[in-house]
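This report refers to the structure that appears directly beneath it.
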Amino acid sequence: MTPARTLITGGAGFLGSHLCDRMLAEGHEVLCFDNFLTGRPENVAHLMGNPRFRLVEYDVTDYLYVDGPLDYVLHFASPASPADYMRYPIQTLKVGAIGTHKALGLSKAKGARFLLASTSEVYGDPHVSPQPETYWGHVNPVGIRGVYDEAKRFAEALTMAYHRSHGVDTRIARIFNTYGPRMRVDDGRALPTLLSQALRGEPMTVYGSGQQTRAFGYVDDTVDGLYRLLMSDETMPVNIGNDEERTLVEFAKLIRFAAGSDSPIVFRPLPEDDPQVRRPDLSKARTRLGYNPEVMLAEGLSRTVRYVRERVLQ
């Protein structure tokens, strides 16, 4: 039997590389496309000897073509941390708009099922918590975070247009904060930044009052949710993440404990449009996908500390 053939754009990124692992484990042939703007070849180096895996340096905003059949297209190409998409605002908008258009066009041409990596950022700085998929969000389109938020909101609209107008078999995952091995320690997000500071014995930076909340999901759980969604019949957006909500101060203290550090916590002004709350309503994922995150924060942090320590203290 010929294995299913899957294209993962942004496949050398944090989430994309873990998806490469999962799809290979499920028996797929995997094509990993990445232009290495924020992804890294080292994330998939362990797969290079696998005959069912191929890594191609490729910018999906230029052109997107794959020879032969395709069964699945997983569109994960995009800067995903505030530091990255503020550094690359135009590239972020292009990959969310043009890249999504080309990935959907390829899916249409090949008759492939399409999965869009959307984000909890489509909810902006929400007035509703936890955030259900029915909430339309509170986004500043001209703020510094708007390049990412609106790129993903447009990508969702385009995905549904291809589904409704062209009959493309589509899935939309709204991914909440995810952490774990292969995160870039310098990507500017809360967890790798705080953990790196704790391991170096530096002051740990918390922005604003620190009472803002986040819900962090371990990468294995997120990937499991994404795979369940891909294999489901659910065409409308689904939240994927962990609903264990904590304040950023609580989170910083947990990281400090996990790292065995005595670093002080210092406070800095809150960045523009930084969300005050972020917690997924997972009712839909639980009932429609049978999804339930299993890795609790203490265990996930323990695994992540080992990975980050090797890169920070080497």
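We did not get these values from a lab; they are worked out from the coordinates using the rules stated. Given the structure is predicted, the values throughout are model-derived calculations rather than measurements. Because the Cβ atoms are built from the backbone with ideal geometry, glycine has one as well, and the counts that use them run over all protein chains shown.
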remark   = Relative contact order of the stretch 79-215 (C-alpha contacts under 8 Å, at least 6 apart) in percent is 30
request  = Would you work out the relative contact order for the chain, in percent, from Cα pairs under 8 angstrom that are 6 or more residues apart?
outcome  = 17
Residues whose placed amide H lies under 5 Å from that of Phe114, excluding near-sequence neighbours = Val73, Asp169, Thr170, Arg171
message = Which one, Gly111, Ile144, Val56, projects farthest toward the positive side of the charge dipole computed for the stretch 33-185 from Cβ point charges (K/R +1, D/E -1)?
response = Gly111
Order of Met48, Met23 under a 10 Å beta carbon neighbour criterion, fewest first = Met48, Met23
ask   = Each label point is 7 Å from the Cα along the Cα-to-Cβ direction; what then is the distance between the points at Met236 and Gln211, in nm?
value = 3.5
note = Label model pair Phe36, Asp262: point-to-point distance (7 angstrom along the Cα→beta-carbon line) in nm is 4.3
Binned Cα-Cα distance frequencies in the stretch 1-140 - 10 Å width, integer % = 12, 40, 32, 14, 2, 0
query = Around Ala4, with a cut-off of 13 angstrom between Cβ atoms, what is the net charge of the other residues, counting Lys and Arg +1 and Asp and Glu -1?
reply = +2
ask   = Among Ser107, Ser165, Ser209, Ser261, what is the fewest-to-most ranking by other Cβ atoms within 10 Å?
value = Ser165, Ser209, Ser261, Ser107
remark   = Of the candidates Thr193, Ile175, Ala83, the farthest towards the positive dipole end of the stretch 81-212 (Lys/Arg Cβ +1, Asp/Glu Cβ -1, centred on the Cα centre) is Ile175
Karplus 3J(HN,Hα) series, Hz, for the stretch 171-176 with 6.51 cos²θ - 1.76 cosθ + 1.60 (x for Gly, Pro) = 9, 10, 9, 9, 8, 8
task = Using a Förster distance of 41 angstrom, determine the FRET efficiency expected from the C-beta separation of Glu244 and Arg311, and round it to 0.05.
result = 0.95
Candidates Met160, Met236, Met183: whichever shows maximal mean-square fluctuation once the chain is modelled as a Gaussian network with Cα springs under 10 Å = Met236
note = Filtering GluC sites (Glu not before Pro) in the stretch 215-289 by DSSP loop and by at most 14 other Cβ atoms within 10 Å leaves Glu244, Glu272
note = The set of residues whose placed amide H lies less than 5 Å from the amide H of Glu29, leaving out same-chain residues fewer than 5 positions away, is Ala4, Arg5, Thr6
ask   = Which is the longest run of the chain containing none of the chymotrypsin sites (Phe, Trp or Tyr not before Pro) found in DSSP loop states (not H, G, I, E, B) with at most 10 other C-beta atoms within 10 Å?
value = 66-314
ask   = How big is the charge dipole of the chain about its Cα centre, in debye rounded to the nearest 20, if each Lys and Arg gets +1 on its Cβ and each Asp and Glu gets -1 on its Cβ?
value = 140
